[in-house]
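Below you'll find the structure, written out as structure tokens, and then a few comments.
The values are calculated or read from the model by the stated rules, or taken from the named source; none is laboratory data. Please read these numbers as outputs of a predicted model, since none were measured by experiment. Cβ placement follows ideal geometry from the backbone for every residue including glycine, while neighbour counts extend to all protein chains displayed. Calculation scope for accessible area: heavy atoms of the full protein, side chains included, ligands and nucleic acids excluded. Shrake-Rupley method; radii C 1.70, N 1.55, O 1.52, S 1.80 Å.
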Amino acid sequence: MLNIGWFSTGRDEAARQLLQAVKDKSHKREINGEISFVFSNREPGETKESDLFFELVRSYNIPLVCLSHKRFKAGGEDKDWRIKYDREVNNKIESFAPDLCILAGYMLIVSEELCHKYDMINLHPAPPGGPTGSWQEVIWTLIQNKAETAGAMMHLVTPELDRGPVISYCLFSIKDEPFTRYWQRDNKAMLFRLIRQYELAREFPLIILTLQALSRGVVGIKDRGVIDEQGNFISGYDLSDKVDEGVKKSL
């Protein structure tokens, strides 16, 4: 059974919904794993949204570990605050010995030291090899480049932002309907909204299907790379068809 560490800032409703979805799949044994702890870079009382997230974590009786990064960042001129912060994070989570850490709406960049110690995976709202940056930056770059395809991927966290080895991914065409008419009219605002809608609908299914695959050994992590069931290194597990099946009702 996969021992999962869950990292989240807990900043919005989506953070709660994702935790609920994964916990539910784990309870039903659709994911062969358990969340052994939740870590947040916020502490109780910082924001209303994170407090709601903490209430949810406690309702599941999952150990909650909090450490506000503001205490470390407050120094201002201390350029190494992130390294010192992550060392203290490690001190707090090391005893849980997670097999895998999931960054689920965790709004801090992880230091090189921490991402080398643990296998950490993150969702990035772009196809493998696609644009880096925020989801807004990704979509505008896709539109500017007149890209054929959008998507999302789960990748290993590395010091190079959004460029770690791809665990899994899903793709969808942004040249077919309902996108075609907006390309023809050069309606960038509508293209932006549609691409975000179609990508966002795929995020939860992709995360859950990826955890299912990892927990069942369909894919694995070895030597900072990704392997299939036979132990062969691969460039990512294509979950496009399975994700599309999961989003049919929502689009």
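Spot the failing condition for Cys170; the list is (1) assigned to a helix (DSSP H, G or I); (2) in contact (Cβ under 8 Å) with a residue 60 or more places away in the chain, and only one is missed. Failing condition for Cys170: (1). Considering Arg196, Arg181, the condition of being within 23 Å of Leu108 (Cα to Cα), part of a helix (DSSP H, G or I) and either among the small types (Gly, Ala, Ser) or open to solvent by 40 Å² or more (accessible area, probe 1.4 Å) (or both) is satisfied by Arg196 alone. Meeting the requirement of 2 or more residues that are farther than 30 Å from Gly151 by Cα, the strands (runs of 3 or more DSSP E) wholly within segment 38-140 are 64-66. Selection of first residues in segment 12-36 that are outside any loop (DSSP other than H, G, I, E, B) and of second residues that are of a type in the set (Val, Ile, Thr), restricted to Cβ pairs under 6 Å at least 6 apart or on distinct chains, gives the following pairs, ordered by first then second residue: Lys25/Ile31; Lys25/Ile208; Gly33/Ile4; Ile35/Ile4; Ile35/Ile62. Within the span defined as segment 211-221, one or more residues are surrounded by fewer than 16 Cβ atoms within 10 Å (Cβ to Cβ), β-branched (Val, Ile, Thr) and in a loop (DSSP other than H, G, I, E, B).
For first residues located in segment 235-250 and over 14 Å from Phe204 (Cα atoms), partners that are acidic (Asp, Glu) and open to solvent by less than 70 Å² (accessible area, probe 1.4 Å) and lie 6+ apart or on another chain with Cβ distances below 8 Å form the pairs Tyr237/Asp228. Within segment 225-251, the residues that satisfy the criterion of being assigned to a loop (DSSP other than H, G, I, E, B) and under 17 Å from the mean Cα position of the chain (by Cα) are Gly236, Leu239.
If I ask for residues that are open to solvent by 30 Å² or more (accessible area, probe 1.4 Å), closer than 18 Å to Gly105 by Cβ and of a type outside the set (Asp, Glu), which ones from segment 14-47 would you list? Selection gives Ala14, Arg16, Gln17, Gln20, Lys23, Lys25, Arg42, Pro44, Thr47. Any residue in segment 88-98 that is charged (D, E, K, R), under 20 Å from the mean Cα position of the chain (by Cα) and open to solvent by less than 80 Å² (accessible area, probe 1.4 Å)? Among the residues of segment 88-98, not one is charged (D, E, K, R), under 20 Å from the mean Cα position of the chain (by Cα) and open to solvent by less than 80 Å² (accessible area, probe 1.4 Å), which makes the answer no. With respect to the conditions (1) within 17 Å of Asn41 (Cα to Cα); (2) in contact (Cβ under 8 Å) with a residue 24 or more places away in the chain, Phe72 falls short on a single one, namely (2). None of Ala147, Ala126, Ala152 is small (Gly, Ala, Ser) and surrounded by fewer than 21 Cβ atoms within 10 Å (Cβ to Cβ) except Ala147.
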